[in-house]
Amino acid sequence: MSKLTLLIALGIISINAKASVTDYLEKAVLIEEITSDGTVKNRFLDYMTKSDDEKSFFSYAPDISSFSWFGACLKEDSSPCKRLVQSKKEFERAFSLSNGRKEADPSMGLPPMQDFPVATTTSIIKEEKNELHLKIEQNIMGNSMIGFFKVKKVPMLSDLKMNFSIPEKDEPNRVDISSVEDNLKQLALSVVMLQSNGDMENLLGGNSVGHGTGFFISEDGLLLTNYHVIDDFKICIQKLICEVEFKQTLPDNSKRGFNAVVKVLASSQPHDFVLLKVDLPANLKFSYLKLEKGVVGPNLVTLGYPGDITEEIEDEKSRARLTYSFGKLVSFHSRTYATSAYIYQGASGSPILNPNTLSVVGLLSNGAGTPKRGIGSPGLARPIHLIDLEFGLSDYISGAKQQRVKGLISKIQTTRNISIAKGLLEDYRLEKTYLGLKSVKNLMINHSSNGIRLEIMKILETMGFLVGSSDGQ
């Protein structure tokens, strides 16, 4: 019996193993670290890149929270893959790249580490559609460790072509609007500052800066920003509707401000995003950005209102200046992009763009390490496709989300069949939207069926909206 036949008989690889394993090469993949009983204890994004011999590929951005993943590799023929790495060198490489830098920086809080060899053997336990089950055996100075992982292709994100690039130097490339090309100047019409009158607990440095950044993604005023930005407007989170003061720099470098009512359509603290519908003043000229469908990296550009670069404005003491920052797609940082585009607090909620298409690839969330005034720190961005996948941004833009929700609520209103109503309510929950919430709450009180009113109460409890919020959707 040949070695290949024996492996197939033992169930270690399948007949189509080679095709399925190589399909994970040079794609964004979700890594799930699991316990022996299958419980997920850690999730992060990674990218498998070719080794020098091009017959195997290894982890490009091993997550520093999972030491068992260090040294992970796959072989094209699906046989066990062995790799030897030096702990300090591999850790510092991963730590630097995941923070958007070429070299480790003291501001990142790099912990001291002893240097020792780590010998790993990665074996494929099972292959399923779009998923690999792996066992990684590590030998560290005579001690053995075993880790179990699932490697999954992420819809939409795995289909994107990603071009990572290590920056030549760890330094900022930040300029104001007067220094960029005309096509970049026009982007100013799509980006706004959200001005807060209260203090903001900002994730970029823990300072109260009083503003954040947002950007439009549709011609009817859909706007994206961070959850931690809108969280400063407490009434927005509580009532899902509020008035926000916006400020903006125009392509000719003139300034304007306006107030507008905004409705919260969707939000997530773990994804650090919120989708708003802005009731824009009549005849207000603005533009919007499209979501990228093709390529991420190597070059990136972002624009927003960081608080460390200001200018004097009439009737104001000072205002954050619209600042452009250029950099590379460097790596993954857990489930975010690590970029070498330097930013500063106040730029939270800015778009990360493909400079060729000027389309959005990421939502700037926070910075890596401690930002220095006038310099900043490399920006970390949420992949826009992960948010789109889970919350359906494209469906909001096309109107499909609004139509589905309207149809679901209409069916809930007219049915008297409890089983059908439960299914419809579950479909509504899975939309992960605040659209129609007021109508659903009204049905909890006014529906003609007592049983369906009870089911509505149950679904609202699971969504966390039974008490407290009263939206304007």
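Where a number appears in this text, it was derived from the coordinates with a stated rule and is not lab data. Quantities reported herein were computed from a predicted structural model and do not represent experimental measurements. Using ideal geometry, Cβ is built from the backbone for each residue, glycine included, and neighbour counts are taken over all protein chains shown.
Summary table
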read-out: Average Cα contact separation per residue, the range 174-385, under 8 Å, 6 or more apart, as relative contact order %; value: 22 percent
read-out: Distant alpha-carbon pairs in the chain (separation over 42 angstrom), percent; value: 25 percent
read-out: Potential lengthening between K239 and A282 on full extension [0.36 nm per residue; Cα-Cα distance subtracted]; value: 13.0 nm
read-out: D220-Q186 pseudo-label distance in nm [points 7 Å out on the Cα-to-Cβ vector]; value: 2.4 nm
read-out: Euclidean distance of C-alpha centroids, the range 220-255 and the range 420-453, integer Å; value: 29 Å
read-out: For the range 361-442, convex hull of alpha carbons as volume per residue, Å³; value: 134 Å³
read-out: Where only alpha carbons of the range 174-385 are counted, the Rg and the Dmax (Å); value: 15.4, 44
read-out: Extension gain from L250 to E390, taking 0.36 nm per residue of separation minus the Cα-Cα distance; value: 47.1 nm
read-out: Dipole axis of the chain (+1 Lys, Arg; -1 Asp, Glu on Cβ), positive-most option in S218, P112, N259; value: S218
read-out: Taking the C-alpha atoms of the range 399-463, convex hull volume expressed per residue in Å³; value: 69 Å³
read-out: Extension gain, N173 back to R335 (0.36 nm per residue minus Cα-Cα distance, nm); value: 55.9 nm
read-out: Hz values of 3J(HN,Hα) by residue in the range 414-423 - Karplus curve (6.51, -1.76, 1.60), Gly and Pro given as x; value: 8, 7, 10, 8, 5, 4, 5, 4, 4, x
read-out: Under-5 Å amide H pairs with K290, H placed in peptide plane, nonlocal only; value: V360
read-out: Sequence of L353, L322 once ranked by neighbouring C-beta atoms within 10 Å, starting from the fewest; value: L353, L322
read-out: Cut-off under 5 Å, modelled amide H: who pairs with R335 long-range; value: L45
read-out: Fewest-first sequence of T310, T302, T249, T414 by Cβ atoms within 10 Å of each Cβ; value: T414, T310, T249, T302
read-out: The chain: relative contact order in percent, alpha carbon pairs under 8 Å with at least 6 residues between; value: 13 percent
read-out: Sequence-separation-based contact order of the range 96-140, relative, with Cα cut under 8 Å and 6+ spacing, percent; value: 29 percent
read-out: Separation of the L430 and E311 label points, Cα + 7 Å toward Cβ, nm; value: 4.9 nm
read-out: Residue order, fewest to most beta carbons within 10 Å, for E131, E219; value: E219, E131
read-out: In Å, descending, principal axis extents of the Cα set of the range 3-153; value: 51, 35, 33
read-out: Excluding exposed DSSP-loop trypsin sites (Lys or Arg not before Pro) (at most 10 other C-beta within 10 Å), longest clean stretch of the chain; value: 286-473
read-out: Relative intensity, log₁₀ I(q)/I(0), of the range 277-405 from a Debye sum that treats every alpha carbon as a point, q = 0.16, 0.21 Å⁻¹; value: -0.87, -1.21
read-out: Inter-label distance for K290 and S165, nm, one decimal - labels placed 7 Å from Cα along Cα-to-Cβ; value: 2.2 nm
